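Before any comments, here is the structure.
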Amino acid sequence: MENRKGYFLFGLDISLKNTGVSIFDLEAKEFVYIGSFSTENIRNTKEYKGKELTALKLHKLGEWFDNLIEEYPPYFASIEQMVKVEREYGVNINEIKGIAKATGIIQEIIWNVPQEFHYPSEVKLAIVKGNASKEVVQNEILRRYPNLIFKNFDESDSCAVALTQLIKVGIVEWEKPIVEKKKTTRKKKAE
C-alpha cells in the first residue's frame with residue numbers, strides 16, 4: 001500500500017455492523033476515499049473456533065482500519081456521535097453497546113489524532129435540515145459531488161460527517177437548499 005502525502009480528514013460513521021469512512025484530502029480539497037467495512041459475514045470459522053464473536057468482529061474492524069490509516073495518515077477525525085435515546089431513534093441497547101465498542105477500537109487506533117464528534121441532527125442540519133432523512137442528505141451530497149459513489153447509507157453518512165467538519169471550519173463552502181415548509185391545514189372545531 002502506498003503511503004500518500006497530504007493531510008487527510010476522516011469522516012466516520014462507526015458501527016459494529018458496518019462502519020462507513022470518507023477521507024477528504026485537505027490539500028487537494030477533494031474526497032479521495034469512500035468505503036465501508038461490514039462485519040455481518042464474519043463468523044467463527046475453524047481458524048477462530050471458540051473465540052467470542054463480538055471480539056472477533058472488533059479485531060477485524062481494527063485490522064481494516066489500520067490498513068486504511070497506513071495508506072491515508074489522518075490529520076483530523078470527524079466522528080458521528082453515538083445517539084443516546086433508544087426509543088427516539090429505534091436503536092436497541094445491544095446495538096448501542098456495539099457502536100460504543102467499535103468507536104473505542106477506532107479511537108484507540110487514532111488516539112493521537114484530533115477528533116470531534118457530531119450528533120446526527122447536527123450533521124443533517126449542516127447539509128440540509130435537522131430532521132432530514134438519510135436519503136435526502138445523501139441526495140444533497142450527490143447533487144454537490146456527482147462523481148461520488150455510495151454503496152450504502154453508512155458511506156453517505158460518513159461523507160456528511162466529514163462535510164460537517166469541513167463546513168464548520170470554512171474549508172468547504174456549503175449553501176443549503178431551500179426547503180419549503182409543509183403547509184398544515186387545521187380543521188375548525190365544531191361549535
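Karplus-derived 3J(HN,Hα) values for the range 152-166, using 6.51 cos²θ - 1.76 cosθ + 1.60 with θ = phi - 60°, are 6, 6, 5, 5, 5, 5, 5, 5, 5, 5, 4, 4, 4, 5, 5 Hz; glycine and proline are entered as x.
Rolling a 1.4 Å probe over the protein heavy atoms of the range 49-162, with every protein chain left in place, gives an accessible area that is 52 percent carbon and sulfur.
How much length, in nm to one decimal, is gained on full extension between residue 27 and residue 71, taken as 0.36 nm per residue of separation minus their Cα-Cα distance? Don't skip to the end; give the middle numbers.
Numbers: separation 44, 0.36 × 44 = 15.84 nm, distance 1.59 nm.
Result for the pair: 14.2 nm of gain on full extension.
Computed with every protein chain present, the accessible area of residue 119 is close to 100 Å² [probe 1.4 Å].
Please work out how much length the chain gains when fully extended from residue 136 to residue 176, using 0.36 nm per residue of separation minus the C-alpha to C-alpha distance, in nm with one decimal. Mind showing how you got there, number by number?
Details: separation 40, 0.36 × 40 = 14.40 nm, distance 1.19 nm.
Taking residue 136 through residue 176 to full extension adds about 13.2 nm, to one decimal.
The values are calculated or read from the model by the stated rules, or taken from the named source; none is laboratory data. Remember, it's a predicted structure, so these values are computed and weren't measured experimentally. Side chains included, ligands, DNA and RNA excluded: accessible areas come from the protein's heavy atoms. Shrake-Rupley method; radii C 1.70, N 1.55, O 1.52, S 1.80 Å.
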